[in-house]
Amino acid sequence: QVQLEESGGGLVQAGGSLRLSCAASGLTSSINSMGWFRQAPGKEREFVGGIKWGDGTDFYSDSVRGRFTISEDNAKNTMYLQMNSLKPEDTAIYYCAGSRFPAVTFAENYVFWGQGTQVTVSL
């Protein structure tokens, strides 16, 4: 079993930056890729981006590509989401997730989930 815990959410003005962290513990050797998802009120959960664990290959949705960057620190079993040029439409609860599959973008392919952290972007 794998446990995931997000941190780093908060309130930021449009155009600002935030960095989220996702710390993994437990049987982390079972993880092939990690991802970030977000869910805004009244909307479905949306894929943000992901990284092949231990490989560093990252991939993003069109809505955040060029503004968000995902990285990993394998020694700390931690994934990061650096969010720049934030927009009000980025407001959501952000979840990190772990998958046994490589480079997947569908939530159904992720079996390990954190509790989420709130990101609010004001005008």
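The values are calculated or read from the model by the stated rules, or taken from the named source; none is laboratory data. None of the values given here were measured: they were computed from a predicted structure. Neighbour counts are summed over all protein chains in view; Cβ atoms, including those assigned to glycine, are modelled from backbone coordinates with ideal geometry. Remember, those area values only see protein heavy atoms, side chains included, never the ligands or the DNA or RNA. Shrake-Rupley method; radii C 1.70, N 1.55, O 1.52, S 1.80 Å.
Here the contact order of the stretch 54-104, divided by its residue count and restricted to Cα pairs under 8 Å and six or more residues apart, works out to 29 percent.
Across the chain, Cα pairs under 8 Å and at least six residues apart give a relative contact order of 36 percent. Scanning residues 5 or more positions from LEU86 or on other chains, those with amide H under 5 Å from its amide H are GLY15, GLY16, with H placed 1.01 Å from N in the peptide plane.
Using only the alpha-carbon atoms of the chain as identical scatterers, what base-10 log of I(q)/I(0) does the Debye formula give at q = 0.11, 0.15, 0.16, 0.23 Å⁻¹? After summing over all Cα pairs, the log10 values are -0.31, -0.59, -0.67, -1.40. In sequence order, the stretch 116-123 has phi-based couplings of x, 9, 7, 10, 10, 10, 9, 6 Hz under the Karplus curve 6.51 cos²θ - 1.76 cosθ + 1.60, θ = phi - 60°, and Gly or Pro positions carry x.
Annotation: amide H of VAL2 within the under-5 Å range of LEU27, sequence separation 5 or more or interchain, hydrogens built in the peptide plane.
Count Lys and Arg as plus one, Asp and Glu as minus one, and take only other residues whose Cβ is under 14 Å from that of PHE59; the net charge is then -2. For the stretch 40-48, backbone phi angles converted through the Karplus equation (6.51, -1.76, 1.60; θ = phi - 60°) give residue-by-residue couplings of 8, x, x, 10, 7, 5, 10, 6, 9 Hz, Gly and Pro being listed as x. Residue-wise HN-Hα couplings along the stretch 18-30, as the Karplus relation 6.51 cos²θ - 1.76 cosθ + 1.60 with θ = phi - 60° gives them from phi, are 9, 10, 9, 10, 9, 9, 9, 9, x, 7, 5, 5, 7 Hz; Gly and Pro carry x. Cut-off 10 angstrom, C-alpha nodes, Gaussian network model of the chain. Which of PHE47, PHE68, PHE101 fluctuates the most? Maximum fluctuation in the GNM of the chain, among the listed residues, is at PHE101. For the chain, with a Gaussian network of springs between Cα atoms less than 10 Å apart, report the residue from THR28, THR91, THR105 with the top mean-square fluctuation. Fluctuation is largest for THR28. Here the chain carries DSSP beta bridges of which approximately 90% are antiparallel, counting only pairs with both residues inside.
Candidate cross-link partners of LYS52 among the aspartates and glutamates, defined by an alpha-carbon separation under 13 Å and a same-chain spacing of 8 or more, comprise GLU72, ASP73. Looking at the stretch 36-123, the trypsin sites (Lys or Arg not before Pro) that sit in a DSSP loop and have at most 11 other Cβ atoms within 10 Å of their own Cβ are LYS43. Annotation: extensible slack from SER29 through GLN115 equals 28.9 nm (criterion: 0.36 nm per residue apart, minus Cα-Cα distance). Apolar share of the accessible surface for the chain: 48 percent from carbon plus sulfur atoms, 1.4 Å probe.
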